[in-house]
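K.L.:
I have a structure here, written as structure tokens, and I will follow up with some questions on it.
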Amino acid sequence: MDTSNEHEYKSSGEDEYKSSGEDEFNQLQFISYSMRDNKWYSVKPENVNENTYTFLNSGASGMVYVNENVNKVVKIIRLSNDNVVSNDNVVSNDNVVSNDNVVSNDNMVSNDNKELLREEIKNAEKEVGFQKSAAKFGLAPKIYHNQYIDSENSFLEEATPYYYIVMDYLSPTEWENIYGDKVHQKEIERFIKLLVEKVGIINTIDPRLHFYKNKKTNKIIMIDYDHCVKCVGNKNTCVKEMMSNIITNGGRSLVKIYNKKTRKRISRMRKRWSGSGIRKSGSILKKKSKKKHT
């Protein structure tokens, strides 16, 4: 852990929520890090202080907490529970005839689930590696600490294990989220060229949601490197491939792509209705609009 930021990881074990019927939102609204126990704790509202991180937003795979006092966020990535019992490994009462048939605790955990957990940790560490590499060139928020926390030390419900990443916070007073509209296309394309040239990675899954522009310096950075992959082959092709998933028609769902031969943008649009089709629709509307005479 970065000792220069040690003050933000003040021990807070005494503030941990005990299971006492609080609703889930309140239980997970505030968290704090304990250097003594080397893990995160949920914090009661009355115990919130300058070291507390507050819930910011959530997604399909986890949550983000922010501490504006130190200008940092922690990303909590939920993982598969390594304590889940597989039904396939449970011996039924009808089949238990001797002590030899009793399943040990070690075998009660699904091997498939353990393998899935290992894969999820590997993916989280890959995300961290990509982001750290990008941060060296000023293309991503700086990461200060990252670690896997097992189910025994988890503050999440059902003792769900997780992987956390502490990084710089992009405050909305200084940064704005930009998309692939016409105003920012050239800027984003320059960024992608740097990303490919310096780091050798691209995101072709959900790139347009993750660009931020500094309101003063106009600097652009990208967050969330979990869907990034290494650029294989020609770098210009990698840039085009990522741009094809970003460029939109004024922020609408009609995606524009790059023509590989002419490099001109073309739109994927439905064919316009023919004149006869429009007239036919109009005549139908007119018929419906006519009042019935009695």
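The values are calculated or read from the model by the stated rules, or taken from the named source; none is laboratory data. Computed from a predicted structure; not experimentally measured. Every residue, glycine as well, gets a Cβ built from its backbone with ideal geometry; the counts of neighbours run over all protein chains shown.
K.L.:
Pick from the stretch 101-154 the residues that are over 25 Å from Tyr225 (Cα atoms) and either in a loop (DSSP other than H, G, I, E, B) or acidic (Asp, Glu) (or both): which of them is modelled with the highest pLDDT?
P.N.:
That would be Glu152.
K.L.:
Anything in the stretch 206-233 that is in contact with a strand residue (DSSP E or B) (Cβ under 9 Å, 6 or more places away or on another chain) and charged (D, E, K, R)? List them, or say none. Can you show your working first?
P.N.:
Taking the stretch 206-233 as the starting set, the residues that turn out to be in contact with a strand residue (DSSP E or B) (Cβ under 9 Å, 6 or more places away or on another chain) are 207-215, 219-231.
Across the stretch 206-233, the qualifying residues are Arg208, Lys213, Lys215, Lys219, Asp224, Asp226, Lys230.
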